[in-house]
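To keep things clear, I will list the structure first and then write my remarks on it.
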Amino acid sequence: MWRAAFLIILGLFTTVPQSASMKPEDSALVKKLISETAGIDPVSRRMEYISERFLGRKYISHPLIGSATDPEALVTRMDGFDCVTFVETVLAIAHARSQDQFIKNLIAIRYRDGKVEWRNRLHYATDWAAYNCNRGLLSDITNGPDSAVRDKLLSLVKGLDSHPAEYNYFPKKAFLRQSLLMKSGDIIFFTSGRNGLDTNHMGLIIRKEDKLYLRNASQSHGSVNDEELAEYFRLNKMTGFIINRPK
């Protein structure tokens, strides 16, 4: 029942554009993953299963089509991802019962008001997260005594009007304590210290026995891979992180 309710939430105001099409091999994969996860609950377990099937797929820089001057086109490719399209694709499949539903879900997750237009694309991760939390798809669990509030003017995307953003985040030093609360399927965003930018990467948390892994479309590795989360924190610069949990 709850899954049906989310399908309604995701697709109620979204229609599949006539231009939306998938390569036969991509279509077959989506249908296979939907079938294989039909009996798996909750959604976090489906996301873990689906995302594992994408390990090794190539990293693609700027995979989406469209800009402030060029028409937006819906991209549904399965052969490779950047960090955002990887998470979007996994989440959209996890809530789908058919290929058409997957496409509707993807549009609803990626675009404000379900309109496939460049200006409606949720370019900034904190906008993406807040929008999908408000729609009931995710829950922001970045709270408690370890959390802090950040105010920023988001201005990095050329052609898009600058706008202020306020969001909670955990400072990097809180990782060890917060790692005890992380679950497989959680979405993690790494906050940036760069002017005009809120986050610089995102991925999925995967818990394997007593270790946490970041499953992500990694530019440095050139593919979707798993890497130990503690090591990722040690090697990479970030001001902190945000955690969203799929409902």
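If the condition is being of a type in the set (Val, Ile, Thr), over 19 Å from LEU122 (Cβ atoms) and not in a loop (DSSP other than H, G, I, E, B), then region 38-87 contributes VAL43, ILE50. Taken together, the criteria exclude ALA148 from residues that are hydrophobic (A, V, I, L, M, F, W, C), within 18 Å of LYS247 (Cβ to Cβ) and surrounded by fewer than 19 Cβ atoms within 10 Å (Cβ to Cβ).
Considering (1) out of contact with any Leu (no Cβ under 9 Å at 6 or more places or on another chain); (2) under 21 Å from TYR213 (Cα atoms); (3) open to solvent by 10 Å² or more (accessible area, probe 1.4 Å), the lone condition that GLY80 does not fulfil carries the number (3). For region 31-52, a residue qualifies if it is closer than 19 Å to ASN216 by Cα and either of a type in the set (Asp, Glu) or open to solvent by less than 10 Å² (accessible area, probe 1.4 Å) (or both), and the qualifying residues are LEU33, VAL43, ARG46, MET47, GLU48, ILE50, SER51, GLU52.
Is it true that some residue in region 137-145 is hydroxyl-bearing (Ser, Thr, Tyr) and without any contact (Cβ under 8 Å) to a residue 40 or more places away in the chain? Within region 137-145 (the criterion being hydroxyl-bearing (Ser, Thr, Tyr) and without any contact (Cβ under 8 Å) to a residue 40 or more places away in the chain), the answer is no, since none of the residues qualifies. Here is the figure for region 85-122: residues that are closer than 16 Å to CYS133 by Cα and of a type in the set (Val, Ile, Thr) total 3.
Kindly indicate whether TYR131 is among the hydroxyl-bearing types (Ser, Thr, Tyr) and part of a helix (DSSP H, G or I). It is true that TYR131 is among the hydroxyl-bearing types (Ser, Thr, Tyr) and part of a helix (DSSP H, G or I).
State yes or no: is VAL157 open to solvent by 30 Å² or more (accessible area, probe 1.4 Å) and within 20 Å of ARG245 (Cβ to Cβ)? Reasoning before the result, please.
Working: open to solvent by 30 Å² or more (accessible area, probe 1.4 Å): yes; within 20 Å of ARG245 (Cβ to Cβ): no.
In short, no.
Filtering region 160-188 to residues that are within 29 Å of GLU117 (Cα to Cα), open to solvent by less than 90 Å² (accessible area, probe 1.4 Å) and of a type in the set (D, E, K, R) leaves only ASP186.
Residues in region 90-120 that are within 25 Å of TYR167 (Cα to Cα), more than 13 Å from the chain's Cα centre (by Cα), of a type outside the set (Gly, Ala, Ser) and crowded, with 17+ Cβ neighbours inside 10 Å: TRP118 only.
Residue count for region 19-30 satisfying the condition of being of a type in the set (Asp, Glu) and open to solvent by less than 30 Å² (accessible area, probe 1.4 Å): 1.
Taking HIS201 as the residue in question, decide whether it is open to solvent by 30 Å² or more (accessible area, probe 1.4 Å) and either touching a Ser or Thr at 6+ places or on another chain (Cβ under 6 Å) or in contact (Cβ under 8 Å) with a residue 40 or more places away in the chain (or both).
no
Of the residues LYS208, LYS237, the single one that is within 20 Å of TYR169 (Cα to Cα), of a type in the set (D, E, K, R) and exposed (fewer than 13 other Cβ atoms within 10 Å of the Cβ) is LYS237.
The values are calculated or read from the model by the stated rules, or taken from the named source; none is laboratory data. Values in this document were obtained by computation on a predicted structure and should not be read as measured data. Note that we place each Cβ from the backbone using ideal geometry, even for glycine, and neighbour counts take in every protein chain shown. The accessibility values were calculated without ligands, DNA or RNA, using every heavy atom of the protein model including side chains. Shrake-Rupley method; radii C 1.70, N 1.55, O 1.52, S 1.80 Å.
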